[in-house]
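The structure appears below as structure tokens.
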Ligand code: SF4
Ligand code: SF4
């Protein structure tokens, strides 16, 4: 589990290798509590705090004891195997105080979309049969953490996994965080349901929202999302964009996951970018479907590069900020190395 690794031995007094999640992070998953949810690197970790968790009272002392165990080993250069080569691992003079400031809430209990590329949507029992068994409310736990001084502002509070806005407690949860002066609230959403609390978070420059649109037309949207809600999503994007100020112009973005064979045309990407521009968005984000990418990473067809280059140029013309998610950054880096 913890293995000595010379490259993680710090020679500097008081320094050791760790990350913001080991030090001050907590993840609420379906059925478990995690330290982090980063699994894209060699160590492939989703490090656990405890299994079989569905909202039971948390033993905070135990949570921090687990963090102390990591610190003890990491200080000696013995790194958790799941952390090896993780980009978050770095040498620093870490603050060992017992508090949490990075939260990730990944409920996987329901969604209002049925994306063609989503494992849960393609296995409906993931959302349905587990719904009552795995679902628990986070708000009482957040309140307890806040009242006990365990939760502190300063990190990131992220929502993902399933659709956050359909959680019954979502509006109250975000409102509670805002009323108690937290910031860095980050939500990936289908955009099918508009959230006034999120709009407030954007307006106050404390919320960051990514809406997955994946299309520039009603027809392609329906093919990708398998629900008829294109206009609703565009309306949500417009309403969130209206909340942004110049300072907060990066806070709302629309995402387009390229799904080869379905939406991989320049025409569709152009329609998506034009609609974002009309909505008043400053940032657009391009990604590629994970399953396809894993199979085809080293055999990318030329038209995918063309789409990326075209979208970059188009963003420049529209004076928009343009981002590639990690998979497409890899695609371009692989191309440059060829
Ligand atoms: S180093 Fe990476 S894998 Fe390990 S806990 Fe931190 S974020 Fe997770
Ligand atoms: S919005 Fe997310 S959780 Fe919902 S179906 Fe799409 S990928 Fe799955």
key: Sorted peptide list for 265-277, 137-149, 1-13, criterion being average Cβ within 10 angstrom, highest first   = 265-277, 137-149, 1-13
key: Rg to Rh quotient for region 135-217, alpha carbon positions, Kirkwood Rh   = 0.98
Exposure proxy ranking, count of Cβ atoms within 10 Å, fewest first, for 127, 159 = 127, 159
ask   = Using alpha carbon centroids, what distance separates region 178-221 and region 100-170, in Å?
value = 15
inquiry  = From the helices alone, meaning DSSP H stretches of at least four residues, give me the mean residue ellipticity at 222 nm for the chain, per-run term -39500 (n - 2.57), in deg cm²/dmol to the nearest 500.
reply    = -11000 deg cm²/dmol
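Between rounded, prolate and oblate, where does region 109-256 land on the alpha carbon gyration tensor, with a ≥ b ≥ c its root eigenvalues, rounded for a/c under 1.5, else prolate if a/b exceeds b/c? Let's see the in-between values first.
Values: a/c = 2.53, a/b = 1.23, b/c = 2.06.
Because a/c hits 1.5 or more and a/b fails to exceed b/c, region 109-256 counts as oblate.
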remark   = Between the Cα axis of helix 326-337 and the main Cα principal axis of the chain, the angle (0 to 90°, nearest 10) is 80
query = Ranked by Cβ crowding within 10 angstrom, fewest neighbours first, how are 221, 28 ordered?
reply = 28, 221
inquiry  = What is the angle, in °, between the Cα long axis of helix 170-179 and the longest principal axis of the Cα atoms in the chain? Nearest 10 is fine, range 0 to 90.
reply    = 60
task = Could you pull the Cα extents of region 227-269 along its three principal axes, largest to smallest, in whole Å?
result = 38, 22, 14
ask   = Points 7 angstrom from Cα along the Cβ direction at residue 99 and residue 171: gap in nanometres?
value = 3.1
request  = Describe numerically, in nm with one decimal, the distance between label points set 7 Å from Cα along Cα→Cβ at residue 294 and at residue 69.
outcome  = 2.8
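Rounded if a/c is under 1.5, else prolate if a/b beats b/c, else oblate: with a ≥ b ≥ c from the C-alpha gyration tensor eigenvalues square-rooted, which is region 1-94?
Working: a/c = 2.35, a/b = 1.63, b/c = 1.44.
Prolate.
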key: Förster radius 22 Å - calculated FRET efficiency between residue 246 and residue 316, Cβ distance, rounded to 0.05   = 0.70
ask   = How far is helix 230-242 tilted off the main Cα axis of the chain, in degrees rounded to 10, range 0 to 90?
value = 60
message = Based on Cα coordinates alone, diagonalise the gyration tensor for the chain, multiply each eigenvalue by 5, take square roots, and list the semi-axes in whole Å, largest first.
response = 34, 25, 20
key: Beta bridges by DSSP in the chain, antiparallel share as percent, to the nearest 5   = 25
note = Quick shape check on region 288-336: root eigenvalues a ≥ b ≥ c of the Cα gyration tensor, a/c under 1.5 is rounded, otherwise prolate if a/b tops b/c, else oblate, and it reads prolate
message = Compute the distance from the alpha-carbon center of region 261-287 to that of region 296-324, in whole Å.
response = 11
task = Provide 21, 108 in ascending order of the number of other Cβ atoms located within 10 Å of each residue's Cβ, fewest first.
result = 108, 21
key: residue 11 versus residue 114: modelled label distance in nm, points set 7 Å from Cα along the beta carbon direction   = 6.0
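Throughout, read-outs are computed from the coordinates displayed, never taken from laboratory work. Predicted model only: the values in this text are computed from it and were never measured. Note that each Cβ is placed from the backbone with ideal geometry, even for glycine, and that neighbours are counted across all protein chains shown.
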